[in-house]
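Notes follow once the structure below has been shown.
The values are calculated or read from the model by the stated rules, or taken from the named source; none is laboratory data. Because the structure is a prediction, the values reported are computed rather than measured. Because the Cβ atoms are built from the backbone with ideal geometry, glycine has one as well, and the counts that use them run over all protein chains shown. Each accessible area value is taken on the protein alone, full model and side chains, heavy atoms only, with ligands, DNA and RNA left out. Shrake-Rupley method; radii C 1.70, N 1.55, O 1.52, S 1.80 Å.
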Amino acid sequence: MDFLADEGKNRFIRDAMEDFPWLDLDGLMVRPAVFHQLTVTEARKQVWHNHPYWEWTLVRQGTNAYVEKESGVAQLRATGETFCMPAGTLHAWEPRQLPLVLDGFLLEVFPLTVGGATLLETLRASVGRAGFTLAVPGAVDLFGELDRELRERKRYAARRIRTLATDFLLRLFRAALPGESTPAPRETGNPSRL
């Protein structure tokens, strides 16, 4: 199993995401916990796993198969396609065409209000009906911009990365909830302190 990663870039990403503000979408609190970039160069099979975060991943190169345990159906994602897995969902993945390059976010998402809980359930149902895919308009370009900022590693890059991540979150929710009026986000502090 061979994973290629630029540790300097990954540290910079972690630092940029560390103090990312919570976005309040009318009672649904959202923020990226992790922005990940992964390159896989050898065939391997992932073990069944889940995590406490929502996962949204873009296949930048190659082809990947995702399997949600309950359905057992492998769903292929090729270059430019996405995968979205709600928190707590048991799943696995396996590269089908190498090299496989994945970019994505692990998102902390939780409701603070009844309206936020309803919005979260609507999102979960929408993603499940769509076969755990969720295309975000402009995502390929947005991740390209994130890459450029990360390569530059200039002083303003961490703020720019946060701006791009906020843009991504808004696009994600608009794509997930068509016909819904996605509220304008409000940045907040740590919700546990509200």
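Values for this structure:
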{"read-out": "Matching helices (runs of 4 or more DSSP H) fully within the range 111-191 where at least 2 residues are modelled with pLDDT of 70 or more and more than 28 Å from residue 60 (Cβ to Cβ)", "value": "114-129"}
{"read-out": "Odd one out for residue 35 among (1) closer than 24 Å to residue 120 by Cβ; (2) at pLDDT 90 or above", "value": "(2)"}
{"read-out": "Residues that are among the charged types (D, E, K, R) and outside any strand (DSSP E or B), drawn from the range 14-52", "value": "14, 15, 18, 19, 26, 42, 44, 45"}
{"read-out": "Neighbours by Cβ (under 6 Å, 6+ apart or cross-chain): first from the range 134-151, charged (D, E, K, R); second assigned to a helix (DSSP H, G or I) and surrounded by 15 or more Cβ atoms within 10 Å (Cβ to Cβ)", "value": "145/164; 149/157; 149/160; 149/161"}
{"read-out": "Test: residue 87 is open to solvent by less than 40 Å² (accessible area, probe 1.4 Å), more than 19 Å from residue 167 (Cα to Cα), assigned to a loop (DSSP other than H, G, I, E, B) and aliphatic (A, V, I, L, M)", "value": "yes"}
{"read-out": "Pairs with Cβ under 8 Å, 6+ apart, first in the range 14-26 and at positive phi, second open to solvent by 10 Å² or more (accessible area, probe 1.4 Å)", "value": "26/113; 26/115; 26/119; 26/183"}
{"read-out": "Where a residue in the range 60-72 is closer than 14 Å to residue 82 by Cα and its partner, wherever it lies, is hydroxyl-bearing (Ser, Thr, Tyr) and open to solvent by less than 10 Å² (accessible area, probe 1.4 Å), with Cβ under 9 Å and at least six apart", "value": "64/57; 66/57"}
{"read-out": "Index of the failed condition, residue 10 passing every other in (1) open to solvent by less than 60 Å² (accessible area, probe 1.4 Å); (2) modelled with pLDDT of 90 or more; (3) not aliphatic (A, V, I, L, M)", "value": "(2)"}
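The rows are residues; the columns are (1) among the hydrophobic types (A, V, I, L, M, F, W, C); (2) within 21 Å of residue 161 (Cβ to Cβ); (3) open to solvent by 30 Å² or more (accessible area, probe 1.4 Å).
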residue	(1), (2), (3)
41	no, no, yes
54	yes, yes, no
76	yes, no, yes
91	no, no, no
103	no, yes, no
